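The values are calculated or read from the model by the stated rules, or taken from the named source; none is laboratory data. Everything numeric here is computed off the predicted structure, so don't read it as measured data. Note: ideal-geometry Cβ built from the backbone for every residue, glycine included; neighbour counts use all protein chains shown. Heavy atoms of the whole protein, side chains included, go into the accessibility calculation; ligands, DNA and RNA do not. Shrake-Rupley method; radii C 1.70, N 1.55, O 1.52, S 1.80 Å.
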Amino acid sequence: MLQIRNLRVERGGQTICELPELRVEGGERVCVVGPNGSGKTTLLRVVGGLDREFHGECRADVPFRDRVYLHQSPYLFRGSVLANVLFGSAARKIARPQRISAARAWLDRLGVGHLIDRRCGHLSGGEQRRVALARAFATGADLLLLDEPFADLDQAGIDCVCAA
């Protein structure tokens with residue numbers, strides 16, 4: 001599904017991300033770890049098609065429209081939790097009944113289904129993270145790129161995401 005060879009990203013004459021090789025098969029989950037500033041976010045942005053200035057090869061057998069990148073500081077819109085989760089799948093032109101069903105299922109699976117009518121501005125950091133993750137998962141995208149998915153989560157939240 002994903003193949004990277006000799007990837008190097010430079011900014012201002014400095015290498016900010018370098019990866020000799022990575023191969024990911026369909027259905028696999030990969031966790032990229034490293035110290036702050038080691039290029040993890042840059043790698044995800046390259047794979048997601050958000051950064052296109054790089055050297056080497058980055059090939060994914062998934063069209064850009066079927067990739068979802070969730071930023072480490074996800075943005076939630078004004079309005080309800082449900083409206084936020086529906087947004088991603090609406091942008092992908094998924095029929096409304098399927099969008100609502102997927103949104104409810106993912107909110108429940110991530111332990112925040114009881115917040116479905118709450119306004120996003122009234123959520124804790126961990127609740128916001130779970131809602132953003134539900135929005136990403138509910139799109140049905142073939143490739144999810146989750147930057148710092150466990151940030152702001154307690155152990156119960158981490159367990160829900162790992163089980164997803």
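Observations on the model:
- Evaluation of Arg29 against the conditions (1) open to solvent by 90 Å² or more (accessible area, probe 1.4 Å); (2) part of a loop (DSSP other than H, G, I, E, B); (3) of a type in the set (D, E, K, R); (4) more than 20 Å from Phe137 (Cβ to Cβ) shows that the sole unmet condition is (4).
- Under the condition of being under 21 Å from Val62 (Cβ atoms) and crowded, with 16+ Cβ neighbours inside 10 Å, the residues counted in region 1-23 number 6.
- In region 50-78, of all residues being under 13 Å from the mean Cα position of the chain (by Cα) and either buried (at least 18 other Cβ atoms within 10 Å of the Cβ) or among the charged types (D, E, K, R) (or both), the one that is nearest to Leu123 (Cα to Cα) corresponds to Pro74.
- Note on region 117-140: residues that are in contact with a strand residue (DSSP E or B) (Cβ under 9 Å, 6 or more places away or on another chain) and open to solvent by less than 20 Å² (accessible area, probe 1.4 Å) amount to 5.
- Within region 92-120, the residues that satisfy the criterion of being out of contact with any helix residue (DSSP H, G or I) (no Cβ under 6 Å at 6 or more places or on another chain), in contact (Cβ under 8 Å) with a residue 24 or more places away in the chain and more than 20 Å from Cys162 (Cβ to Cβ) are Arg92, Ile94, Asp117, Arg119.
- Residues in region 89-99 that are open to solvent by less than 100 Å² (accessible area, probe 1.4 Å) and of a type in the set (D, E, K, R) were compared, and the one that is farthest from Ala156 (Cα to Cα) is Arg92.
- For region 100-110, the count of residues that are open to solvent by 30 Å² or more (accessible area, probe 1.4 Å) and modelled with pLDDT under 95 is zero.
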